[in-house]
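First up is the structure itself, then whatever we jot down about it.
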Amino acid sequence: MKGLWDRRRLLALLALSGAALGGLASCTSKKHTEAADTTAWVKIEGATYVDNDACMTCHADQAEHFKTTRHAKMNDPRTPAAKHECQSCHGPGSVHVKNHEDDKEGLNDIIRFTEGKGFPGAQLAAQCLECHQGEKRAWQTTSHAATGMACASCHSIHSPQGDKQLKQATELETCAQCHKDVRNQMQRPSHHPVREGKIGCKDCHDPHGTGYEKNLRGANPNDTCFKCHQEKAGPYLWQHAPVFENCLTCHTPHGSNNRVLLAAKPPQLCQRCHSDSQHPGTVYDKTTLFEGSTPNAHAVHNACIDCHSQIHGSNHPGGKFFMR
Ligand code: HEC
Ligand code: HEC
Ligand code: HEC
Ligand code: HEC
Ligand code: HEC
Ligand code: HEC
Ligand code: HEC
Ligand code: HEC
Ligand code: HEC
Ligand code: HEC
C-alpha cells in the first residue's frame, strides 16, 4: 500500500501543477473578455438581483439552515464584492419575488433544482460548475451528464444527509438510489470492502468524470486496480497473458459468489481458455471428476490453483507454469 500513497501524492502534485498551469493559461488568453462573460449562467428573462433578505421572508426554513453551511460563506465570481447567497445558485430573483407578491406562478422565474422542473439538467449543472472548476473538468464526458442528470441527484444543499452535501447518509446509498444492482453485488460473500467503509465507489470511479471509460480513475481497469494492488503489476519473468490484458477477465470488481472476486469457479474459469490441450483439457463432469472413488486432483479444492498458485505471474526461474 505504500506504493499507492507515493503514487497518489505524485498524481496529486501533478494535478496541482497542471491546474496551476491551466489556470494561468486561461487567465492570459481570456484576460480582456472573461470578467463580464456570464454566458454559462442560466438567464432568467428580465430578472435582476434583489436583496437576499427578500428571500428569507418567504423561505425561512431554507434560510435558517443555509446559514450553517459552507455555501453561506462563498464569494460569487460574477460580483465578488456583493454576496448574493441564495441567488448565486437560484439566479436573480426580482421576477420571482414580484410574481409571488402579485400571486402569480412562473416555472422559469427562478432556478429550481428539481430535474424536469423548469430549466434542463445541463444548465442546472452549469450553475454549480462555474464555481466548481475542479468538478467541471470532465463532467461533460460522463453518462451522468449525458442522461441529463445534474448535481442535485447526488447532492443536497438544504437537506444533506451525509458529508460533502451528499443527499443520502453514505456514498453507497447515494449511488444506490439508481445503481441498485451494484449495491446488490456488494452484498455477495466476496466483495470490495465498500459496505465496510474501507474504500468507496469514489476510489475507483469519479462520479464527476475522469475522461476515461466508466469514469474509472485509471486509463483502463488494470491501471485502476494497480492503484491499490501494485504488486500485481509485475513485471514478472513469466507473465500470464490475460493478467496483463485485463484483470476483469477473471475478476468482477463489485462482488462475486465465488471466492476472491472470481468471475467463475476454477477449474471452469481456467477452462474458458485452457480447454483443448492435453493436460488439463479434461472437462470435469460427473464421468471424469472421479478416478475410482477419489476425486480428480485437478478439479477439487482450489482446482488448478492448488498447483498453479502463482497465477498472476512468477519470477522463479522455473516458474513457466506459475507453480512457484
Ligand atoms: C413573496 C414571497 C416569496 C419571496 C419574496 C420569494 N419566494 Fe421563492 N417561492 C415562493 C412561493 C410561494 C413558492 C412556491 C410556488 C412556486 O414554486 O413558485 C416559491 C418557490 C421558490 C423556489 C422553487 C421551489 C421548487 O423547487 O419548486 C425557489 C428555488 C425559490 N422560491 C427561491 C427563492 C429565492 C432565491 C428568493 C429570493 C430572491 C425567493 N424565492 C423569494 C415565495 C417567495
Ligand atoms: C458562487 C460559487 C458557488 C456556487 C454557485 C456553488 N458552490 Fe458549492 N461551494 C462553493 C464554495 C466556496 C464551497 C466551500 C469550499 C471550501 O470550503 O473548501 C463549496 C462547497 C461545496 C461542496 C463541498 C461541501 C463540503 O462539505 O466539502 C459541495 C458538494 C458543493 N459545494 C456543491 C455545490 C452544488 C451542487 C452547487 C449547485 C447547486 C454549488 N455547489 C454551487 C462555491 C459555490
Ligand atoms: C453521481 C453522483 C454525483 C453527482 C451527479 C455529482 N456529485 Fe459531487 N460528489 C459526489 C460524491 C460521492 C462526492 C464525495 C467524494 C469524496 O468524498 O471525495 C462528491 C463531492 C463533491 C465535491 C467536494 C469535492 C471535495 O474534494 O471535497 C464538490 C465540490 C462536488 N461534489 C460538486 C459537484 C457538482 C458541482 C456537481 C454537478 C456538476 C456534482 N458534484 C455532481 C457525487 C456526485
Ligand atoms: C449552493 C447552491 C444553493 C444556494 C446558495 C441556495 N440554494 Fe436553494 N436549492 C439548491 C438546490 C440544489 C435545491 C434542490 C433541493 C436540495 O436538494 O437542496 C434547492 C432548493 C430550494 C428550495 C425548494 C425547497 C427545497 O428545500 O427543496 C427553496 C425554496 C430554496 N432552495 C430556497 C433557497 C434560499 C431562500 C436560499 C438562500 C438562503 C437558497 N435556496 C440558497 C441550491 C442552493
Ligand atoms: C439519479 C440516478 C443516478 C445516481 C444517483 C447515480 N448514477 Fe451512475 N449512472 C446513472 C445513469 C442513468 C447512468 C448511465 C446509464 C447506465 O450506464 O446505467 C449511470 C452510469 C454510471 C457509470 C458508468 C459510466 C459510464 O460512462 O458508462 C458509473 C461508473 C456510475 N454511474 C457510477 C455512479 C456512482 C459512483 C454514483 C454515486 C456516487 C452514481 N453513479 C450515482 C444514474 C445515476
Ligand atoms: C475496486 C474498484 C471499484 C469499486 C470500489 C467500484 N467499482 Fe464500479 N466498476 C469498476 C470497474 C473496473 C468497472 C468496469 C467494468 C467493466 O468494464 O466491465 C465498473 C463498472 C461500474 C458501472 C458500469 C456498469 C457495469 O456494471 O459495468 C457502474 C454503474 C458502477 N461501476 C458503479 C459503481 C458504484 C455505484 C460503486 C460503489 C457502490 C462502485 N462502482 C464501486 C470498479 C469499481
Ligand atoms: C482503492 C483501492 C483498491 C482498488 C483501486 C482496487 N482494490 Fe481490490 N481490494 C482493495 C482492498 C482494501 C481489498 C481487501 C483487502 C483485504 O480485505 O485484505 C481488496 C481485495 C481484492 C481482492 C480479494 C478479494 C477477497 O475476497 O479476498 C481482489 C481479487 C481484488 N481486490 C481485485 C481488484 C481488482 C481486479 C481491481 C481493479 C478492478 C481492484 N481490486 C481495485 C482495494 C482496492
Ligand atoms: C487468469 C485469471 C486471473 C487474472 C487475469 C487475474 N487474476 Fe487475480 N486471482 C486469480 C485467482 C485464480 C486468484 C486466487 C488465487 C489463490 O487462491 O491463490 C486471484 C487472486 C487475486 C487477489 C487476492 C489474492 C492475492 O493474491 O492477493 C488479488 C488482489 C488479485 N487476484 C488481483 C488481480 C489483479 C489486480 C489483476 C489484474 C492485474 C488480476 N488479479 C488478474 C486469477 C486471476
Ligand atoms: C482469458 C484466457 C485465459 C484464462 C481465463 C486463463 N488463461 Fe492461462 N494462459 C492464457 C494464455 C493466452 C496463456 C499463454 C499461452 C502461451 O504462451 O502459449 C496462458 C498460459 C498459462 C500457463 C502457462 C502455459 C505455458 O505453456 O507457458 C498456465 C500454467 C496457465 N495459463 C494456467 C491457467 C490457470 C490455472 C488458469 C485459471 C486460474 C488460467 N490459466 C486462466 C489464457 C488464459
Ligand atoms: C496436481 C497439480 C496440477 C493441477 C491440479 C493442475 N495442473 Fe496444470 N500443470 C501441472 C504441471 C506439473 C504442469 C507442467 C507439465 C509439464 O511439465 O509438461 C502443468 C502444465 C499446465 C499447462 C501448460 C501445459 C499445457 O498442457 O498446455 C497448462 C495450460 C495448465 N497446466 C493448466 C491447468 C489447468 C487449467 C488446471 C485446472 C483444470 C490445471 N492445470 C491443474 C500441474 C497441475
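Numerical summary
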{"item": "Tabulated pairs, region 142-165, first buried (at least 19 other Cβ atoms within 10 Å of the Cβ), second assigned to a helix (DSSP H, G or I), C-beta under 6 angstrom, 6+ apart or interchain", "result": "Thr142/Asn215; Met149/Gly121; Ala150/Gly121; Ala150/Leu124; Ala150/Ala125; Cys151/Ala125; Cys151/Cys128; Cys154/Thr174"}
{"item": "Residue within region 64-71 that is farther than 28 Å from Asp206 by Cα, buried (at least 16 other Cβ atoms within 10 Å of the Cβ) and touching a residue at least 24 places away in the same chain (Cβ under 8 Å) present", "result": "no"}
{"item": "Segments classed as helices (runs of 4 or more DSSP H), wholly inside region 140-250, with at least 1 members that are within 30 Å of Arg112 (Cβ to Cβ) and modelled with pLDDT under 95", "result": "143-146"}
{"item": "Filter pass, Ala146 being closer than 24 Å to Ala219 by Cβ, of a type in the set (A, V, I, L, M) and away from ligand 8 (no atom under 16 Å from the Cβ)", "result": "yes"}
{"item": "Residue match in region 225-242 (condition: surrounded by 17 or more Cβ atoms within 10 Å (Cβ to Cβ), closer than 30 Å to Ala122 by Cβ and outside the structural domain of Ala126 (by TED's automatic domain parsing))", "result": "no"}
{"item": "Check on Pro267, more than 12 Å from ligand 7 (Cβ to nearest atom) and surrounded by 17 or more Cβ atoms within 10 Å (Cβ to Cβ)", "result": "yes"}
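The values are calculated or read from the model by the stated rules, or taken from the named source; none is laboratory data. Bear in mind the structure is a predicted one, so any value in this text is a computation, not a measurement. All Cβ positions, glycine included, derive from the backbone under ideal geometry; neighbour counts span all protein chains shown.
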